Amino acid sequence: MKLKMMTSFLNSDLTLIENTLEETIQAESLLLRKASLHTLQAGGKRIRPVFVLLAAKFGNYDIQAIKNVAVSLELIHMASLVHDDVIDDAELRRGKPTIKSKWGNRIAMYTGDYILALSLELMTSIDKPKAHKILANTIVEVCVGEIQQIRDKYRFDQTMRDYFRRIKRKTALLIAVSCQLGAIAADASEEISRKLYLFGYYVGMSYQIIDDILDFTSTEKELGKPAGSDLLQGNITAPVLYAMADPIVKEKIVKINEHTSRESLDEAIVVIKKSGAIEKSFELSDRYLEKALAILDELPQNRAKKTLKDITNFIGKRKF
């Protein structure tokens, strides 16, 4: 079952969020408006707004009260992708040209800043100081995670703990906070919002691990970018760390750098696939998903809970 089908009962609210996203990114500057709209129209699963809405179902669900939270979190995610593409010198995002490739680094950086500022402006409609504190802290942590990723590029002596800390900040936190803020905006209890945060954290960790696996196992068409891009950019992910447990495999991997040829990279990908690292990475992802499902078992029974379970299982099986 596809994500769209699982969340079909939220279709009208998700349409409202999509429309609000488009309305929000309008700017007086034609160039800024075009660049922002280009990012929005590149698509995406909108997984963070989905989590906001589903988490809100455990409280007093009012779409008008929570839509800005959902839109704000998606805008933060969008802004981070725009900035990432500059840092990674990426030409493609989801198979389409990046803002960086169309308009250059300076326009891309200011577009990312603009989108981030819009997200914070939207959140001012939420009269809950705790929500603002959580969001501000999350943005700080995401920035720390991005700096860590830059620091760790081509550092082949890092540990799995380094990897966990990095993907927590890079991906898991924003998903965890989407669940937490959805609950807070709907006035759910402290206990429920805490459990939803943990659920989102575990799902977010699995989500990033699967992303890192797919970088080796999916096609360029499915990824919207060349396979092995993470390794070529020096990002040491779970499959790479597991593969490097074999000294012979490690010797081949540590030779990878930004000037590595496509042929040499493809050879490294084959070696990683044959090492058993992909299977171990899937097992790691599954352990996080099991923790997420265990948290869900502690939540009240409703349609949102069933949908969250379906999404959790979907994340573990996704192909792109």
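The values are calculated or read from the model by the stated rules, or taken from the named source; none is laboratory data. This structure is a prediction, so every number in the text was calculated from the model and none was measured. Note that we place each Cβ from the backbone using ideal geometry, even for glycine, and neighbour counts take in every protein chain shown. Heads up: the accessible areas ignore ligands, DNA and RNA and are worked out on the full protein's heavy atoms, side chains in. Shrake-Rupley method; radii C 1.70, N 1.55, O 1.52, S 1.80 Å.
Name the residues in region 39-48 that are surrounded by 17 or more Cβ atoms within 10 Å (Cβ to Cβ) and in contact (Cβ under 8 Å) with a residue 40 or more places away in the chain, would you?
Just the residues of region 39-48 that are surrounded by 17 or more Cβ atoms within 10 Å (Cβ to Cβ), to begin with: 39-40, 42, 46-48.
Passing the criteria: 39, 42, 47, 48.
What number of residues within region 9-38 satisfy the criterion of being under 25 Å from residue 315 (Cβ atoms), touching a residue at least 40 places away in the same chain (Cβ under 8 Å) and open to solvent by 20 Å² or more (accessible area, probe 1.4 Å)? Write out each step before concluding.
Here is the first cut: in region 9-38, the ones under 25 Å from residue 315 (Cβ atoms) are 9-18, 21.
Adding the requirement that they be touching a residue at least 40 places away in the same chain (Cβ under 8 Å) leaves 9-10, 13, 16-17, 21.
From what is left, the residues that are open to solvent by 20 Å² or more (accessible area, probe 1.4 Å) are 9, 13, 16.
Looking only at that region, the number is 3.
Of all helices (runs of 4 or more DSSP H) completely enclosed by region 245-320, which ones contain at least 3 residues that are of a type in the set (Asp, Glu) and farther than 17 Å from residue 203 by Cβ?
Numbers: elements: 247-253, 262-274, 277-296, 303-317.
Per the criteria, 262-274.
Annotation: residue 59 fulfils all but one of (1) open to solvent by less than 40 Å² (accessible area, probe 1.4 Å); (2) under 29 Å from residue 222 (Cβ atoms); (3) not in a helix (DSSP H, G or I); the unmet one is (2). Residue 243 meets the conditions (1) open to solvent by less than 20 Å² (accessible area, probe 1.4 Å); (2) closer than 28 Å to residue 293 by Cα; (3) modelled with pLDDT of 95 or more; (4) out of contact with any Cys (no Cβ under 9 Å at 6 or more places or on another chain) in every case but one. The failed one is (2). Which of the residues spanning region 190-209 are open to solvent by 20 Å² or more (accessible area, probe 1.4 Å), among the hydroxyl-bearing types (Ser, Thr, Tyr) and in contact (Cβ under 8 Å) with a residue 24 or more places away in the chain? Selection gives 201, 202, 207.
For every residue, the table says whether it meets (1) in contact with a Gly (Cβ under 7 Å, 6 or more places away or on another chain); (2) farther than 20 Å from residue 20 by Cβ.
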| position | (1), (2) |
| --- | --- |
| 53 | yes, no |
| 57 | no, no |
| 63 | no, no |
| 75 | no, no |
| 88 | no, yes |
| 97 | no, yes |
| 104 | no, yes |
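Sort out which residues of region 100-153 are open to solvent by 40 Å² or more (accessible area, probe 1.4 Å) and among the small types (Gly, Ala, Ser), and write them in order of number. Correct list: 101, 117, 125, 136.
When restricted to residues that are surrounded by fewer than 19 Cβ atoms within 10 Å (Cβ to Cβ) and part of a loop (DSSP other than H, G, I, E, B), region 216-238 contains 6. Taking the numbered list (1) more than 19 Å from residue 107 (Cα to Cα); (2) at pLDDT below 90; (3) small (Gly, Ala, Ser) in turn, residue 27 passes all entries but (1).
Whether any residue in region 165-175 is surrounded by fewer than 23 Cβ atoms within 10 Å (Cβ to Cβ), touching a residue at least 60 places away in the same chain (Cβ under 8 Å) and more than 20 Å from residue 46 (Cα to Cα) is what I want to check. The answer is no; no qualifying residue exists. The set of residues from region 165-211 being closer than 20 Å to residue 79 by Cα and β-branched (Val, Ile, Thr) comprises 167, 171, 175, 177. Of the residues making up region 27-56, those that are under 22 Å from residue 102 (Cα atoms) and part of a helix (DSSP H, G or I) are 30, 31, 32, 33, 34, 35, 36, 37, 38, 39, 40, 41. If only residues of region 265-320 that are hydroxyl-bearing (Ser, Thr, Tyr) and closer than 27 Å to residue 240 by Cβ are counted, the one that is most open to solvent (accessible area, probe 1.4 Å) is 275.
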